[in-house]
Amino acid sequence: MPVLCPVCGVAFEPEPGFFWGAMYFSYAFSVGFTMITAFLVYYFLNNPSVLVYMSFIVPVVVLASPWSLRYSRTLMLHLFGGLKFDPDWKIHDLKDLDR
């Protein structure tokens, strides 16, 4: 992840340790992936053994971890970092922005 935004120059890490809170979002995503996968395995495979559950859940959570990391940081910045998305950022003059 870059230190500064290449467009407006805002710092992506407002303070040291800011993204420790993103771990909670990432944990919630992992729990969600686990519950959905377990429900689908239960529903489609008719309550198999624990080994079958694990063989489905572990790859799903591992493969979803890059997505989870990215979006947990994005949620953390959006909810607690004070950043707002400007859909018209290409037409605004960057010199007018507060950095």
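Got a number for residues in the stretch 19-35 being closer than 11 Å to Ser68 by Cβ, surrounded by fewer than 12 Cβ atoms within 10 Å (Cβ to Cβ) and aromatic (Phe, Trp, Tyr)? Don't jump to the end; show me each part of the working.
So in the stretch 19-35, the residues closer than 11 Å to Ser68 by Cβ come out as 22-23, 25-33.
Now narrow it down to the ones that are surrounded by fewer than 12 Cβ atoms within 10 Å (Cβ to Cβ): 31.
Narrowing further to those that are aromatic (Phe, Trp, Tyr): none.
Going through the stretch 19-35 one residue at a time, the tally reaches 0.
All but one of (1) outside any helix (DSSP H, G or I); (2) under 22 Å from Gly81 (Cβ atoms) hold for Tyr27, so report the exception by its number.
Here Tyr27 meets the rest and fails (1).
Just name the residue that is modelled with the highest pLDDT out of those in the stretch 68-99 that are part of a helix (DSSP H, G or I) and surrounded by fewer than 12 Cβ atoms within 10 Å (Cβ to Cβ). Give the derivation first.
First, pick out the residues of the stretch 68-99 that are part of a helix (DSSP H, G or I): 68-80, 94-96.
This time we only want the ones that are surrounded by fewer than 12 Cβ atoms within 10 Å (Cβ to Cβ), so: 79, 94-96.
Values: Leu79: 86, Leu94: 58, Lys95: 58, Asp96: 56.
The selected residue is Leu79.
Could you tell me whether any residue of the stretch 7-17 is surrounded by 12 or more Cβ atoms within 10 Å (Cβ to Cβ) and in a helix (DSSP H, G or I)?
The answer is no; no qualifying residue exists.
Say whether the condition of being under 27 Å from Asp86 (Cβ atoms) and either β-branched (Val, Ile, Thr) or surrounded by 13 or more Cβ atoms within 10 Å (Cβ to Cβ) (or both) is met by at least one residue in the stretch 36-57. Full working, then the answer.
Here is the first cut: in the stretch 36-57, the residues under 27 Å from Asp86 (Cβ atoms) are none.
Taking every residue of the stretch 36-57 in turn, none turns out to be under 27 Å from Asp86 (Cβ atoms) and either β-branched (Val, Ile, Thr) or surrounded by 13 or more Cβ atoms within 10 Å (Cβ to Cβ) (or both).
Does Gly21 fit the bill of being within 30 Å of Gly81 (Cβ to Cβ), within 15 Å of the chain's Cα centre (by Cα), at pLDDT 95 or above and part of a helix (DSSP H, G or I)?
Numbers: within 30 Å of Gly81 (Cβ to Cβ): yes; within 15 Å of the chain's Cα centre (by Cα): yes; at pLDDT 95 or above: no; part of a helix (DSSP H, G or I): yes.
Here the answer is no, as Gly21 does not meet what is asked.
The values are calculated or read from the model by the stated rules, or taken from the named source; none is laboratory data. These figures come from a predicted structure and were not determined experimentally. So basically every Cβ, Gly included, is an ideal-geometry build from the backbone, and we count neighbours across all protein chains shown.
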